[in-house]
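Enquirer: Take this structure first; my questions come after.
Quick note: the coordinates plus some simple rules give every number you see, no bench work behind them. All values derive from a computational prediction rather than experimental measurement. Neighbour counts run over all protein chains shown; Cβ positions are idealised from the backbone, glycine included.
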Amino acid sequence: MTFCHQCGASIAPGDTFCGSCGIAQPKASTEESSQIVPENSSKELAEEAGIEIPHFSDPAGDTLIGSSLPSAEVVPPIEVPSEIAIKPVADVPKKTRAGTTGNRQPSAKTLDPGTVLNLRYEVVRKIGGGGMGAVYLAKDRNLGDAPRAVKEMVQSNLDESQHEKAISDFKRESLLLTSLEHPSIPTIYDYFYEQAASRFYLVMKYISGGDFASRVRSAPGGKLDEKTVTAWGLQVADVLDYLHNRPKPIIYRDLKPANLMIDGNSGRVMLIDFGIARWVAPQEKGVTAVGTMGYAPPELFSGKVEPRSDIYSLGATMFHMLTGSDPQDNPLLIFDFSKNPTPRRINPAISNEMERLIMRAVEYKPEDRFRSAGEMRNVLSQHLERLRNNEVTFGVSYSQNLGGETSAVEMVFCGFCGGRIAADDVFCAHCGQRQPQSMIGSSAQLRTVRATAKLVVAGTTELDASFLLQKDINHIGRSDPQSNIFPEVDLSRFDRESKVSRRHARIWREGDVFLVEDLGSVNGTVVFGRDSNKVELAPRQPRRLESGDKLRLGETTLHFLVG
């Protein structure tokens, strides 16, 4: 058996081309092919890093973690169970330079279901791929087929220096994980090297709940509710505080929704993929610029890193989950709030307190952010308590207080995309189009405090299902950008079968009285009074509304409330 000089795949003697990469092979040589046999052990690496590695053994007494990797010099006989077929290796490996792979690379072929690793872990299926290679769901035969996540280091088509670095990074991740104990960090069970396939494997706890990125994609509008994001952010801040306060601080450096998962059993947030995390000294310079654009802080790309770099990434992650705006879409400017919309302008359902929290976390200068992950965790904990007690505020950041009177910013709709924006906005926070100058300053006039009304959609599980009637005249219907129709109460997302007309009805106020009328809709407007009296409105015939009345437009029911 020989190996491809380009990709390292196994090929039969006499093959002219590699079956994996298609590269023409040189004529057969009589020299034996070298095989990857690292001499240095993970224990020696741990000693250099000052970490004590736990010693794991399987029932047969073979050391799995903390021992030397396989050596070609002494191969003790192993009794192989009859049901496990092991392919013999024809070539006797030669010893290579310590700490290297002898310039041999593994092929990138995915492991087949049923493959047994280390005579113990049976591959079930591939479940993903991290920064270092593939990740598989496997069954631990020694522990009653307990589910395990097996991470495989496969980096093909790299030159020798890149391949050696990939292996070094994988070893570092393994050593780093074995030294950590936190409920939000997956437990490591095993670490071994498959000599025949020339691959490294890391066995850890299997997490079944999916990552944050998939949760955001499947959420209505691509946004999650504030209470959920706060609870998750609190747990992430806690594990970051643990990492930052290790005897030798650890900076994660790649915090983003794809690297955060929910444990399907405990419901706890889990921080995964430590591929580029590293031990660093405070204010260390000259660090390799790694991370994900949009989530990585500015200082990381200038070769500086510190614990507050992770705080920036957590703020960016929470911003994405709350607003639905991916920082990767505008990685250089999205958190310049002098030029881009603040969180509440993208999603008015966010509280003022949460907006200030996020904006502080993503400050350009590290010294302007939270002083530590522990401080951010405590602030999030207090905010979660206020959310549960309904003690947060909305809209105050767009108001001015003058002599006890309130000047509220009027909310209007963009004439280009229909998004809800403040009347003072020069540019739309959703599509970026410049707004007509006639809109600017329309909210500068003081308005005396008076009763306000809102409509709440009934029978929906969406959290953002209410509409504040902020104008004197509020149209109800469905938006139609092609016809330039953008009603103040847009029921498009609640009206799946299009039973609501584009211009269905309107509610307006005369002094302190609210009136409603149907605008000639196809399916009509019905009012249910508090006394259960049902009135079907004739077109253009106003009717007075009382707090507690219900409106039915098509098949959508709305509660009318005055507060």
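Enquirer: Sum up the charges of everything whose Cβ sits under 11 Å from the Cβ of Asn259, counting Lys and Arg as +1 and Asp and Glu as -1, but leave Asn259 out.
Expert: Values: positive: Arg253, Lys256; negative: Asp211, Asp254, Asp273.
In short, -1.
Enquirer: Something else now. Convert each backbone phi in region 371-388 into a coupling constant with the Karplus relation 6.51 cos²θ - 1.76 cosθ + 1.60 (shift: θ = phi - 60°), then list the ³J(HN,Hα) values in order as whole Hz, x for Gly and Pro.
Expert: 5, 7, 5, x, 5, 5, 4, 5, 5, 5, 5, 5, 5, 4, 5, 5, 4, 5
Enquirer: Sequence-distant or interchain residues sharing an amide H contact under 5 Å with Gly548, placed H: which?
Expert: Phe560, Leu561, Val562
Enquirer: Whose amide H sits under 5 Å from the amide H of Arg506, counting only residues 5 or more places off or on another chain, with H placed in the peptide plane?
Expert: For Arg506, the qualifying residues are Ile476, Glu517, Leu519.
Enquirer: Would you please calculate the Kirkwood hydrodynamic radius of region 212-388 over all C-alpha pairs and express it in Å, rounded to one decimal?
Expert: 16.1 Å
Enquirer: A further question on this structure: Take the residue pairs Lys227/Lys471; Lys227/Lys304; Lys171/Lys365; Lys205/Lys304; Lys109/Lys151; Lys471/Lys550 and return only those whose Cα atoms are more than 25 Å apart.
Expert: Lys227/Lys471; Lys227/Lys304; Lys171/Lys365; Lys205/Lys304
Enquirer: Please state the shape class of region 450-563: rounded when a/c is under 1.5, otherwise prolate if a/b exceeds b/c and oblate if not, all from the C-alpha gyration tensor.
Expert: Judged from the Cα gyration tensor, region 450-563 comes out rounded (a/c under 1.5).
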